[in-house]
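Enquirer: One structure is given below, represented as structure tokens, and several questions about it will come after.
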RNA sequence: GCCUCCAUGGUCAAGCGGUUAAGACGUCGCCCUCUCAAGGCGAAAUCAGGGGUUCGAUUCCCCUUGGAGGUGCCA
């Protein structure tokens, strides 16, 4: 590649950054990095009605949170600004006029009502609606007169009636369509702002974008954009269209159906690096067996040849697996800092050894937000079913449980050194002396202390965390309940 | 409807004319074990269908089917 690579992520400020958008941004960023190029951010806000207040800031925040740093953008500046399309509004009319002069576009005065009627008529006949080029035949002088008179108008692309339009995509190859299936789309709206169809071409050219990476929703209109480049006499960028991310086989990921956004995942306790790692592998393969990647590694190894053409389904299960793996890999102190606030939601830090608890939890943490429900039994003994005392493999049932508690109670009551090591030593000795199996006594003892089928540690760890008084209190309560059963 | 694109297990996917069709998640066994995880071992599970081309198709071509995207003064 002789020219310096410049790629851009160009979202519309219509809300949060969804995962499909994040992936597009990631690949766009990685492509630039891989080729030593520049990644820039451009805000496409030409549809003022759809703009959501605060969405622009959300995009900045999300991109920063993801670690996708852009060298140029609205909030960082650059030599090709402004980077927000509404701030570039004065730029577009000039190019629109140039296009009109070159025959690639024309002003149109048809009203919304007229067009709706034509559209309805076409649909009634079961035909595909296409603008009939009525205004193409208005003489330039008359058009000028009407514009000067203040009549509302738009600028439409003048698509040839015959022939074909095409472009070449790195991923999808040569895409060609018959011009007669193409409509004369609006390039400049009556409000004076360009549509995506126009702004994208003008801005990519003006910003010297060399590689356009974007979703496949633009694949079928790309030939039309190429017509624009031809009319202008500009060299089109290299295109890489990216398949969408799906929720399942037929629906794409969408906030409306409750699918999480990037920000949502972070708030739930998914790690940024885990999300990035997972997203990178969703629709792209490095071609090797490696499955864990840091952003920096991805910057080196990313290649468009590993992109898959088919849409891929977002698998929360696998994301969660990645997250659990990343949790385990964290240095303990980093994990503890992350876990602590979640633990403190349900546990008084003055009453429990949260640090020890976190040690037990680190290897079992899939997502941070699951932590509270994993430890809340420590704060208050939950209701539980006596059936929990019956466990085939542990060879226990309520009767055995009663025996076990009777065996353990005096040992614990006499325990002065309430450490895991000391508890372990004395308890194991008592069990060995009794002739019972470890699980036979430790299972029911743990149940009676926690009321949970599974806990972040065994009976000994739980006893340590609960403390002597609370342990004995819960054991006595369980004994009374079992004796009356 | 029309246009464009896509198609390997439940999911992510490797494969790019000749393979026992990798690997990962998930699932199911077994082992380990004071529970659950983690870890170890193992298992089930895929080339959508039909035609071609070829000595030989998962791989190339066509059709069908299925799916996606587009068909806006939205992007």
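The values are calculated or read from the model by the stated rules, or taken from the named source; none is laboratory data. Everything quoted here is computed from the prediction, not taken from an experiment. Don't worry about glycine lacking a Cβ; one is built from the backbone with ideal geometry, like all the others, and counts go over all protein chains shown.
Enquirer: Identify, please: which residue in region A:124-171 is within 10 Å of RNA strand B (Cβ to nearest atom), within 30 Å of residue A:239 (Cα to Cα) and in a loop (DSSP other than H, G, I, E, B) and is, among those, nearest to the chain's Cα centre (by Cα)?
Expert: A:171
Enquirer: Tell me which of these residue A:263 doesn't satisfy, since it passes every other one: (1) within 14 Å of RNA strand B (Cβ to nearest atom); (2) part of a helix (DSSP H, G or I); (3) touching a residue at least 12 places away in the same chain (Cβ under 8 Å).
Expert: For residue A:263, the failing item is (1).
Enquirer: While we're here: Tell me whether region A:33-46 contains one or more residues that are in a helix (DSSP H, G or I) and over 19 Å from residue A:255 (Cβ atoms).
Expert: Yes, region A:33-46 contains a residue that is in a helix (DSSP H, G or I) and over 19 Å from residue A:255 (Cβ atoms).
Enquirer: For region A:101-121, give me the residue count where each residue is in a helix (DSSP H, G or I), more than 40 Å from the chain's Cα centre (by Cα) and under 19 Å from residue A:182 (Cα atoms).
Expert: Total meeting the criteria: 2.
Enquirer: Then there's this: When you go through A:288, A:320 one by one, which is the residue that is free of Cβ contacts under 8 Å to residues at least 60 places away in the same chain, near RNA strand B (Cβ under 10 Å from one of its atoms) and part of a loop (DSSP other than H, G, I, E, B)?
Expert: A:288
Enquirer: Given the conditions (1) over 20 Å from residue A:196 (Cα atoms); (2) surrounded by 13 or more Cβ atoms within 10 Å (Cβ to Cβ), report the number of the one that residue A:157 does not fulfil.
Expert: (1)
Enquirer: Would it be correct to say that residue A:197 is under 27 Å from the mean Cα position of the chain (by Cα) and under 22 Å from residue A:134 (Cβ atoms)?
Expert: Here the answer is yes, as residue A:197 does meet what is asked.
Enquirer: Search region A:172-199 for residues being part of a helix (DSSP H, G or I) and near RNA strand B (Cβ under 7 Å from one of its atoms), and hand back the single one that is farthest from residue A:162 (Cα to Cα).
Expert: Among those residues, the one meeting the criterion is A:196.
Enquirer: Could you list, in sequence order, all residues of region A:81-97 that are more than 13 Å from RNA strand B (Cβ to nearest atom), surrounded by fewer than 18 Cβ atoms within 10 Å (Cβ to Cβ) and modelled with pLDDT of 95 or more?
Expert: A:82, A:87, A:90, A:91, A:93, A:94, A:97
Enquirer: Report every pair of residues separated by at least 6 positions or lying on different chains whose Cβ atoms are under 6 Å apart, first residue within region A:465-485 and free of Cβ contacts under 8 Å to residues at least 40 places away in the same chain, second surrounded by fewer than 17 Cβ atoms within 10 Å (Cβ to Cβ) and assigned to a helix (DSSP H, G or I).
Expert: If the second residue must be surrounded by fewer than 17 Cβ atoms within 10 Å (Cβ to Cβ) and assigned to a helix (DSSP H, G or I), no pairs are left.
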